[in-house]
Each structure stands twice: as structure tokens, then as C-alpha cells.
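In what follows, a structure is listed as C-alpha cells, so that the remarks can point back to it.
Computed from the coordinates by the stated procedures, all read-outs in this text should not be read as laboratory data. Everything quoted here is computed from the prediction, not taken from an experiment. No Cβ is skipped: glycine too gets one built from the backbone with ideal geometry, and neighbour counts run over all protein chains shown.
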């Protein structure tokens, strides 16, 4: 086994083809059709993407589909001009969707707002004119630090309309994290709110902005949306209320013609150490990529009510709340609050109330709902749902099965999607009218995605050999670099495997050509020379009926080099005993082999997670190793979880 190979020990044989009823009505319904389009997208990408791109409203036609002469720096739709805001809004005013609901929003306290495409267009134009009146212009960068309210989507589209690149910073980040991003991007304005609702409490966002931009002279404007009416401090000349700024401005704002390769937004990803990376996405390729993936992956139909539960502060929210769905004229649901506030069935109550048809959420949320019990979703009518999706990390097969059965009523296809901030859009996914799904597999590449499992020397590995998940050809929505640091872009993404993009995930491909994500290569555990995937060990634990969630990390071990430490959350009323430890270890041994049995098993009521639901494995590695955590912990949803883990380890 080479250094880059990861042993695969998880086996999953269940398959779920799309039902005949679903297939009949879907946009793409035959394997032959998929294969034909996929082959064209790989063999003749310029023909394929050139045709797709022409479905968008260009202000000036492009004269070249792809320029890859300066690899790994791509240029797509060279010479073309368009505006992302016009793609999402203006075209729908004349194609019969003007009075269709664009945003269906509910706040955590239960207040609601709806905007048609016509109303959203007017609101975005007013917002854009208010920014222009404050001196924000084409080429500027604007930081956005807001709760999940309609004005967040409007702010994003208003920036795009006037040609200012937006840099959305998740509203859970600390003042210092905001400051780092404002300074790195050279932002001249910040859009925020007085506060936002989260778990029944007000998050004081304006207060964080004040601390984050203090002393930064380049920030001439802080625009504040009134949401929670908490008291805020005010800096005259710099601070302006949004509702006052839009009072006397026009509802007409011509969209700025943007070159296809002009920057649309920056979105920062924080590595485990060092300076955050400002991922650069440009206009044309990103819009084409998100437009097509939304259409096919979610089998989007005209009457769908589409709910992606992510925050717009993350790439999922950019691509699959704002740009992709709105480019397609979808009805998009947005929700401000936590999934379990004011009660554990909140998400399912909203699905029933708003007759949601497409539901896209994270595996960590699904595992949380499993633990809370079936009685919560069972209280609500989920019959409107026709398609489910997952995003954010690989999903354990048992969580996938629960999602299908309890939420989808054994009738809804599940699109388990793999992609990254850097890829801009979905890369691996089932197509719901075509693909026979396997629990836990992201199945096959989307159109134009030349994905492969490679060793470090670029050799393609055979079936069921774990290795590096790489992309060998450029795709339209790909990142164009790291803001202000071209060399870091090359070093980070294009240097590990010659001639291929690699962003850190290990995977295998089975005999049917389906991809199985095995987690970050950084998270691979090396036990006595065997490189094991943490995700596969976690899946084996979660498949036990008494376990709801598990996170597996490595800790140093004198004998084996590294040992497996498992943090386990149990189901309701399950007691922690030595017999249970033995039972779980035996279960792991039976599922995937004795080698994968945890040397250390710690039971906990909850795992440390970000507000977006991702488990902070970095902190668990520190707990397992008995060292103090370094780095930013401001996105932790609940600080007491970490304190409890450190307190007794049980």
C-alpha cells in the first residue's frame, strides 16, 4: 500500500433506484441520457458549457468558452459580459415569473415575510442605490455580517448589481474573525443588523462589527438593518440605518455590465492554522455552474418550494439559496433560527406549514434529529416533500436510512452531494431521476467533472482503493485563486498531485464507479501502519441502534503510533456501562475489523459543533491528546460542551 492509499473497510450493499413515478416527471430520467451528456461534457466541454451558458441572459456574448493556457488559472466565457443580479432577478420580470414568490421567509420568533420576484427586484435596486449613495462602487469589496433575514440575500444581490464584490462573514464569527476578513479583503463598507435571533436570544451583531472595524480607516460605511431593536452604539458619519438609507432612492438601478472573469465574491475559509484564505469566485463561470447544478441535482420544477437550511454565510448558502435557485426562478425558503427552537420539531413544522417540496440539510443536523426521536417529525405532515438532499460532509449509511424512512417516507430520493467552497458548486451527486442511490455514497460526477481517485504520483487507483479525490479538468464554477496570493493558490490546490486539483479529501470508488468520501486526508488515522478513514469508523458506530452520533479522532500512542479515540453520543435512556463499551467495540470489529476498534471511547451528551452544524474535530483531537486548544473557537454553538468534555472525559 502506498503512502497515499487509505484502507477502505466499510461495505454497503443496499441500493435504491428512483421510483417510476418520480422518474416519469423528472428533468432527466434515463441512464442513457446521463451518459450521453456526461461524455459530451468531458470530451467536448466547450460545446457542452457553451450551450448551457447561452441559457443565461448575457449583456455581451462571449467569444471563447475556456482559456486554460495559463493553468491552473482558468478563464471561462472569455469576452462575455453579464450581471449576476440580473440573471437572478431581471430576466424573471419578463418570463412570466414577476409575481411568483422568490423568497418565503420565517424568523425564529415566527414572523414571516414573502417577496415576489418583482418585489425582490425593487428592493435590491433600492439597496444598490443606497450603497451607491454612500460611495460604494464597482470593484470595491463589501463585508456582509448578518442574520438569516431577507435583507441578507438582498445585500448580496445589491453588491452584485453595482459590481462590488461581497465578502459574507458568517454571523457567528467573532469580531476578530470579521476584522481579519475586512482587512484582508480591503473592504470599504460593512452591511450588518442590530442583532439576530438564535435559540431564543438576540445575537448583538452591530456590537461585534463595532469592535471588528474599530481603527480601520478604509471602512467608510456601516449600514445597519433593524431586526431585533436591541440598543446599539452609533458612530456619526460612518453608521447609517438601512431603512433610512433606502427611503428616498429609486427602485430603478441598471445592472453593471461585468466581465465574465470579474470578481463576484470572496468567501473566506479558515484553515486549521494561519491566515484565512479568501477564495475568489468570478461571475460567468460561477453563475453557469450554479444554474445548471441547481436545475438537475434538485430536479427543480416550476412549482417547487425549495429549502436549503444552510446560512448564506457559507458557500452552500451562496450557491444554493441565492445564486443557483434564483437564476432558475425558484421559490426559496429562508429560516432565521436554530433547528430545535422553540421545539425539537421546528424544521418539520416549517416543512408542513410552507409545503416544502425540496429539503437540503447537513448530516450533523440529521443525526441530531435521529437522537431527538422519531416522535418529533411524526407530529407533522411531510407529504409535500418529494426530494431530500445532504451537504457538508459524508453521511453515515444509518443516518441516510433514517432520513429516507422517517423524513422521506421511503419515497423521496436523496441527493448526497460532495463539493467545497473552492469548487463553487456540486461536483459529485446522484441525479434523482436516474441514479440508483447507495446509502452513504455521493455516487457519480456531475457534468463536466473529471473526478478520479489518485495516488500522489498521479496514478489512478483501482476499485475500492482509498486515495486522494482529485479533479483533472477545469470546470466553470471553480475558484479563480486566493485573494492577494496567487502562489498560495497553486501551492494549496495544485501541487500535491501533478496536473490535478486536490483539496484534501480522501475517497474510494467502488466497482460501479460510485464515489465514497472517506473524510479529510488530515483526519486519516495511522494505526500500526494501517491508514484508516475516521468517517468509516464513525459510520460503524452510528450503525449500532444505541448510538446516535460519533466523532472519531486520532490520539498519540507509544505502541501503535496513533490510536482511535471515539466520542459517542447515545440514544435516549441508554445507560453508560462497561458492558456497553464492550458491545460497541465488538460491533465495530464485526462491521469493519478488529483493527478499527477504538482504544479510547468517551461518552458525551453532545459534540462540539459550529453554528452551521459541523463537528469541530480539531477540538476533539486536542481533548483526546490532553492539550489546550489553540485557534478560533468563536463559532462554537455551545461552549459548555467543550468544558464538559475537558472536565471528566466521560
Expected sort for 192-204, 416-428, 150-162 on mean C-beta neighbours within 10 Å, highest first, is 150-162, 416-428, 192-204
Can you give the Rg and Dmax of segment 1-151 based on its C-alpha atoms, in angstrom?
-> 22.4, 62
If r is the Cβ-Cβ distance from residue 582 to residue 511 and R0 is 41 Å, what FRET efficiency results, to the nearest 0.05?
-> 0.75
Would you give the gap between the C-alpha center of segment 592-621 and the C-alpha center of segment 28-52, rounded to a whole Å?
-> 40 Å
Hey, got the Cα dimensions of segment 229-296 along the principal axes, in Å, largest first?
-> 42, 42, 25
Determine the equivalent ellipsoid of segment 434-525 by diagonalising the alpha-carbon gyration tensor, then write out the semi-axes as square roots of 5 times the eigenvalues, largest first, rounded to whole Å.
-> 24, 16, 12
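What is the gain in length, in nm to one decimal, between residue 600 and residue 24 on full extension, counting 0.36 nm per residue of separation less the C-alpha to C-alpha distance?
202.3 nm
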Part-to-part distance (alpha-carbon centres) for segment 348-416 and segment 471-485, which is given in Å | 32 Å
Hull volume per residue for the chain, using the convex hull of the C-alpha atoms, in Å³ is 147 Å³
q = 0.17 Å⁻¹, segment 338-382: log10 I(q)/I(0) [Debye, one scatterer per Cα] = -0.43
Kirkwood Rh in Å, taken over segment 398-482 so that all alpha-carbon pairs contribute | 14.6 Å
Taking the simple approach of a point 7 Å from Cα along Cα-to-Cβ for both residue 199 and residue 355, what is their distance in nm?
-> 3.5 nm
If one takes the longest principal axis of the Cα atoms in the chain, at what angle in degrees, from 0 to 90 and to the nearest 10, does the Cα axis of helix 175-185 lie?
-> 60 degrees
Per DSSP H run of n ≥ 4, the term is -39500 (n - 2.57); total these for the chain, divide by its residue number, and report the mean residue ellipticity at 222 nm rounded to 500 deg cm²/dmol.
-> -8000 deg cm²/dmol
Order by neighbour count: 308, 470, fewest other Cβ atoms within 10 Å first, most last.
-> 470, 308
With both partners inside the chain, how many of the DSSP beta bridges are antiparallel, as a percent to the nearest 5?
-> 60 percent
Alpha carbon centre of segment 417-446 versus segment 99-122: separation in Å?
-> 29 Å
Note: segment 85-256, point scatterers on Cα, Debye, no solvent; log10 I/I(0) at q = 0.09 Å⁻¹ equals -0.29
Highest mean packing first, using Cβ neighbours within 10 angstrom, the peptides 478-487, 163-172, 219-228 sort as 163-172, 219-228, 478-487
Taking a temperature of 4 °C and a viscosity of 1.567 mPa s, what whole-number D in µm²/s does Stokes-Einstein yield for segment 550-617 with Rh from Kirkwood over alpha carbon pairs?
-> 98 µm²/s
